[in-house]
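Derivation of every value follows stated rules applied to the coordinates shown; laboratory data play no part. From a predicted model like this one, the values you see are computed outputs, not experimental measurements. Don't worry about glycine lacking a Cβ; one is built from the backbone with ideal geometry, like all the others, and counts go over all protein chains shown.
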Amino acid sequence: FVKQPKSQTVQENQKTVLECKVTGQPTPKLTWYKEGAPLHSSRLYKIITKDQTSTLEISNVGLIGPNTYTCTAVNPLGEAVTSARVTVQGM
């Protein structure tokens, strides 16, 4: 990983952004997970992946509560994993 997501504490009802960036040939496929379950863009999550960078935007941390988010990078040569914890201030 060239850039790993950072653990953070966020105010309730605020949004936050996690980002991971990789290098590799062939270009790795990036996937986000929450507590081990794959994430997809939805009302609460926006995932944007371009080239070798993936951004996870969480629209309202207070609705989701504290969680660990994991970014995986996979290509035929292997897999790399990095995680960050998002906590909600006051929860």
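Give the distance, in whole Å, between the Cα centre of the range 25-55 and the Cα centre of the range 61-84. For the range 25-55 versus the range 61-84, the Cα centre distance is 8 Å.
Only loop residues by DSSP count here, and only those with at most 12 other Cβ atoms within 10 Å; note down the GluC sites (Glu not before Pro) in the range 3-48 that meet that. The partial results should precede the final answer.
Values: sites: Glu12, Glu19, Glu35; in loops: Glu12, Glu35.
Answer in residue order: Glu35.
What dipole magnitude, in Debye to the nearest 20, does the chain give about its Cα centre under +1 on Lys/Arg Cβ and -1 on Asp/Glu Cβ?
Working: 10 positive and 6 negative charges, 25 e Å.
Here the size comes out at about 120 debye.
Of the two radii for the chain, the radius of gyration is 0.98 times the Kirkwood radius, both from the alpha carbons; that is the Rg over Rh value.
Selection among Asn60, Thr49, Cys71 by position relative to the dipole of the range 30-83 gives Asn60 as farthest towards the positive end (Cβ unit charges, Cα centre).
Secondary-structure-derived ellipticity at 222 nm for the chain, considering helices only, amounts to -500 deg cm²/dmol, per-run term -39500 (n - 2.57) for DSSP H runs with n ≥ 4. Only lysine pairs 8 or more places apart, or on different chains, with alpha-carbon atoms under 12 angstrom apart are counted in the chain, and they number 5.
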